[in-house]
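Only one structure is covered here, and it is reproduced in the block below.
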Amino acid sequence: MDSGVGGISVLQKMVKLMPAEDFLFFGDSANAPYGTKTTEEVRELVFRAVAAFLEEGAKAVAIACNTATSAAVRDLRLHYPDLPIVGIEPALKPAVERHPGGRILVMATPMTIREEKFHLLLSRFKDKAKIIPMACPGLMEYVESGQADSDEVEAFLKDLLKEFIIKLDSSQSAKNNISNKKFPCTSLDAVVLGCTHYPFVTHRIRNVLGEDVDILDGSLGTARELKRRLSEAGLLRDEAHPAGQVVFRNSDPSPEKIALSRKLLDYEKL
Ligand code: DGL
């Protein structure tokens, strides 16, 4: 599940890694965004979604939303101790390992940045790199409304990220002998996408910050963790099993949401 269609960036990796499984994806678009709600509101919405999954016979649950994970995963595990439950968190660990001492921007929702879970993560890595957390209210809405690949989102990102864009005039670049550097370019080494909607705007972030910045997200790690948990519990389908199905459900009943969900599952620029 996700607060909307963002979690499909995680579902993509899960389907590739576990093609024999059946997936039921629930997007709570009618209640999105989660990131600007209170923690209690989000926790209640997530519990409701998980109860519905279990009524349908789900054998495991993936919270493919950083915000919902930080609000609810601990309580969910206490409430359903026998159910394999995986969550997602910003991919700070691989970012720091790849860029020790580097400048790393973490983009996420206001709730993810505010929650204790993120502060604990930050305290593990804050001495190993310069980590810059950034709440990005307003960004997920472009993906929800089918505008992930639009000039509007690029303008939004350009403004949001302006302090990290290096702008040099020709005399400065000659003086600093960096005239051969590719532009645009950035003062950052890496960007961690700590919200599952953001991978759908990756190439627009590249247009703003340039090709050299490393962009990471937690989707593959979450998919691998689900596979590991299923296998450990003896619940993973044999690879010889015919390909599974992906079913989309959304609290927003408009057919456009389901059409957008299918489109995002096939989205290749991730
Ligand atoms: N996709 C969600 C996440 O990963 C957040 C979007 C929202 O604010 O609802 O955090």
Could you list, in sequence order, the residues of the range 180-223 that are assigned to a strand (DSSP E or B) and without any contact (Cβ under 8 Å) to a residue 40 or more places away in the chain?
CYS185, THR186, ILE215
Report yes if ARG98 is away from the ligand (no atom under 15 Å from the Cβ) and either of a type in the set (S, T, N, Q) or out of contact with any Pro (no Cβ under 8 Å at 6 or more places or on another chain) (or both), otherwise no.
yes
Test: residue in the range 102-114 that is within 24 Å of MET14 (Cβ to Cβ) and surrounded by fewer than 20 Cβ atoms within 10 Å (Cβ to Cβ):
no
What pairs come up if the first residue lies in the range 97-125 and is acidic (Asp, Glu), the second is within 12 Å of the ligand (Cβ to nearest atom), and their beta carbons are under 8 Å apart, counting only those six or more places apart or on different chains?
GLU115/SER70; GLU115/ALA71; GLU116/SER70
With the structure loaded, tell me whether ILE215 is in contact with a helix residue (DSSP H, G or I) (Cβ under 8 Å, 6 or more places away or on another chain), closer than 30 Å to ILE85 by Cα and at pLDDT 95 or above or whether it fails that test.
yes
Look through the range 49-73, keep the residues that are surrounded by fewer than 16 Cβ atoms within 10 Å (Cβ to Cβ) and over 20 Å from ARG228 (Cβ atoms), and return whichever of them is nearest to the ligand (Cβ to nearest atom).
ALA52
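Condition check ((1) within 19 Å of the chain's Cα centre (by Cα); (2) of a type in the set (Lys, Arg); (3) under 30 Å from VAL61 (Cα atoms)) across all residues:
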| residue | (1), (2), (3) |
| --- | --- |
| PRO184 | no, no, no |
| SER187 | no, no, no |
| TYR198 | yes, no, yes |
| ARG206 | yes, yes, no |
| ASP212 | no, no, no |
Please work out which one of (1) under 30 Å from ARG48 (Cα atoms); (2) free of Cβ contacts under 8 Å to residues at least 60 places away in the same chain is the condition CYS65 fails and give its number.
(2)
Across the range 28-57, what is the total count of residues that are more than 20 Å from the chain's Cα centre (by Cα) and more than 21 Å from ASP252 (Cβ to Cβ)?
3
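Yes or no, residue by residue, for (1) within 13 Å of the ligand (Cβ to nearest atom); (2) closer than 19 Å to HIS197 by Cα:
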residue	(1), (2)
ASP2	yes, yes
VAL10	yes, yes
LYS16	no, yes
LEU24	no, yes
GLY27	yes, yes
PRO33	yes, yes
THR36	yes, yes
GLU41	yes, no
PHE47	no, no
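The values are calculated or read from the model by the stated rules, or taken from the named source; none is laboratory data. Only a predicted model underlies this, so the values are computations on that prediction, with no experimental measurement involved. Counting neighbours? That spans all protein chains shown, and the Cβs are built from the backbone with ideal geometry, glycine included.
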